[in-house]
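Rule-based calculations on the coordinates, nothing more; no lab input. Here the structure is a predicted model, which is why all the values come from computation and not from measurement. Counting neighbours? That spans all protein chains shown, and the Cβs are built from the backbone with ideal geometry, glycine included.
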Amino acid sequence: MEKKLKMIYLAGKLSGFKLWNYLVAWQYARKLWRQGLIVYSPHLNETGINVNLLTYEEWMERDFDVIKRVDEVYMLPNWKKSAGAIREHFFAHQINKLINYL
């Protein structure tokens, strides 16, 4: 029987100094991929998509849907500086997802 790889959601600050936030997410995502995890990160998975296609709340709803589907949630060190990541943390806690802090 094949080993099922864990899929994780990587949450952290996205807005503000976006290039720096992307680089932080990329570094952690790369490390987690090397550990054998499948990583979903809004920073990286949604890059290049015109953010004006959806409202902020529509983006959050999509992220909540992804959180429902993953095995665990990983919080980047800067997550407490992000209103969106705080909401993602709260949502993950409410649905009893395992939350890890980087």
### Query
So which aspartates and glutamates pass the test for LYS6, namely a Cα distance under 14 Å, with those fewer than 8 places away in the same chain ruled out?
ASP71, GLU72
### Query
Angle, helix 18-34 long axis vs. longest principal axis of the chain, Cα atoms, 0 to 90°, nearest 10?
10 degrees
### Helical contribution to [θ] at 222 nm, DSSP H n ≥ 4, -39,500 (n - 2.57), averaged over the chain, rounded to 500
-14000 deg cm²/dmol
#### Entry: Label point distance in nm, TRP20-ASN52, each placed 7 Å from Cα along Cα→Cβ
2.7 nm
### Summary
To the nearest 10 degrees, the tilt of helix 56-69 (Cα long axis) against the first principal axis of the alpha carbons of the chain is 0 degrees
### Task
Measure up LYS18/LYS97; LYS13/LYS68; LYS4/LYS80 against 25 Å on the Cα-Cα distance and list the ones that go over.
LYS18/LYS97; LYS4/LYS80
### Query
Counting Lys +1, Arg +1, Asp -1, Glu -1, what net charge surrounds ASN21 among other residues with beta carbon under 11 Å of its beta carbon?
+3
### nm² value of the averaged projected area, convex hull over the Cα atoms of the chain
6.8 nm²
### Charge sum, other residues only, whose C-beta stays under 11 Å from TRP79's C-beta, Lys/Arg counted +1 and Asp/Glu -1
+3
### Summary
Between the Cα axis of helix 83-94 and the main Cα principal axis of the chain, the angle (0 to 90°, nearest 10) is 40 degrees
#### Entry: Point-charge dipole on Cβ atoms (K/R +1, D/E -1) for the chain, about Cα centre, debye to 20
460 debye
